[in-house]
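Visitor: Quick one: this structure, given as structure tokens, is what I'll be asking you about.
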Amino acid sequence: VIQTAKVNAGNLPEYLKEVPYCSSTFGVSLYDGSLDDIRFVPDGSQNADWIRWGRAENSGFTRLEFYIDENTTDEERTCNLIITYDGEDNFLTLRQKTAGGIIKFEDPMVKQACVDAFDLDADGELSYYEAAMPDNIETLNFDQMDIKSFDEFQWFVNVKEIREQIFAESKLESIKFPYAFSILHDAVFFSCQELSDIDLSDI
């Protein structure tokens with residue numbers, strides 16, 4: 001269910017959806033109410049021709065599908081939407097990354113492992129472009145490591161599966177999966193006793 005905030009004078013969006021620089025899609029299911037309208041906020045967002053959406057009515061819920069074009073500019077781009085749902089206006093901001101932007105990792109050990117494996121230009125950082133290149137992360141191994149977060153996994157947009165026990169017995173607390181992901185093998189999170197947040201919202 002989409003997280004939203006009431007629109008009122010001067011409030012900032014409480015729900016910010018960040019999307020990769022490359023072409024992508026994501027969906028939102030709205031339950032127990034009716035979707036009345038979805039529109040751009042008249043703040044220049046109406047010129048955002050890089051985003052489109054469609055809707056499908058199903059039994060008990062409405063499915064919104066967003067389609068995002070590749071960002072070929074050197075700057076992040078943003079648009080704001082108002083979703084009128086169940087009679088109330090809600091605010092959604094979409095912000096799209098750039099290929100050359102640098103990923104800010106929360107966990108330094110995760111960053112080092114990803115840089116060691118995927119840093120193509122050897123600058124000691126990982127860009128959104130570099131994260132989008134591999135179709136697997138088989139070279140990574142966080143088994144029994146004292147890592148906390150791998151929410152940055154969401155930017156590995158071409159990875160569809162991860163091998164068994166990659167995080168087994170680690171201290172992992174949270175992870176966010178990329179939209180293309182489809183196969184979760186056995187024991188990936190075996191004995192991850194600190195794990196409290198698995199974000200599958202893009203899938």
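Visitor: Just the ratio, please: alpha-carbon radius of gyration of region 112-181 over 2.2 N^0.38 Å, N its number of residues.
Guide: Ratio of Cα Rg to 2.2 N^0.38 Å: 1.06.
Visitor: Leaving ligands, DNA and RNA out of it, rank R52, R39 by accessible area with a 1.4 Å probe, largest first.
Guide: R52, R39
Visitor: Rounded to the nearest 20 Debye, what is the dipole magnitude of the chain about its Cα centre when Lys and Arg each give +1 and Asp and Glu each give -1 at the C-beta?
Guide: 500
Visitor: If you put +1 on each Lys and Arg Cβ and -1 on each Asp and Glu Cβ, how big is the dipole of region 83-203 around its Cα centre, in Debye rounded to 20? Walk me through the numbers on the way to the answer.
Guide: Numbers: 9 positive and 26 negative charges, 36 e Å.
Roughly 180 debye, rounded to the nearest 20.
Visitor: Same structure, new question: Once the Cβ-Cβ distance between E194 and Y31 is put in as r, and R0 is 25 Å, what FRET efficiency do you end up with, to the nearest 0.05?
Guide: With a Förster radius of 25 Å, E is 0.25.
Visitor: What residues from region 17-48 fall in the zone where the backbone N is under 16 Å from a label point 7 Å along the Cα-to-C-beta line of T78?
Guide: Under cut-off, by backbone N: 17-20, 41-48.
Visitor: OK, next. Farthest toward the dipole's positive end in the chain, which of I83, T93, F189, given Cβ charges of +1 (Lys, Arg) and -1 (Asp, Glu) about the Cα centre?
Guide: Final value for the positive-end residue is I83.
Visitor: Can you give the direction-averaged projected area of the convex hull of the alpha-carbon atoms in region 73-122, in nm²?
Guide: Taking a quarter of the hull surface, the average projection is 5.5 nm².
Visitor: Which length gain, in nm to one decimal place, applies between A187 and D43 when the Cα-Cα distance is subtracted from 0.36 nm times their residue separation?
Guide: 47.1 nm
Visitor: Here's another thing I want to ask about it. Cα centroids of region 117-147 and region 20-45: how far apart, whole angstrom?
Guide: Centre-to-centre distance over Cα atoms comes out at 31 Å.
Visitor: Find the all-direction average of the projected area of the Cα convex hull for region 59-203, expressing the result in square nanometres with one decimal place.
Guide: Working: hull surface 42.4 nm².
So the Cα hull casts an average projection of 10.6 nm².
The values are calculated or read from the model by the stated rules, or taken from the named source; none is laboratory data. Please read these numbers as outputs of a predicted model, since none were measured by experiment. We place every Cβ from the backbone using ideal geometry, glycine too, and count neighbours over all the protein chains shown. To get the accessible areas, we keep the full protein, side chains included, count just its heavy atoms, and leave off ligands, DNA and RNA. Shrake-Rupley method; radii C 1.70, N 1.55, O 1.52, S 1.80 Å.
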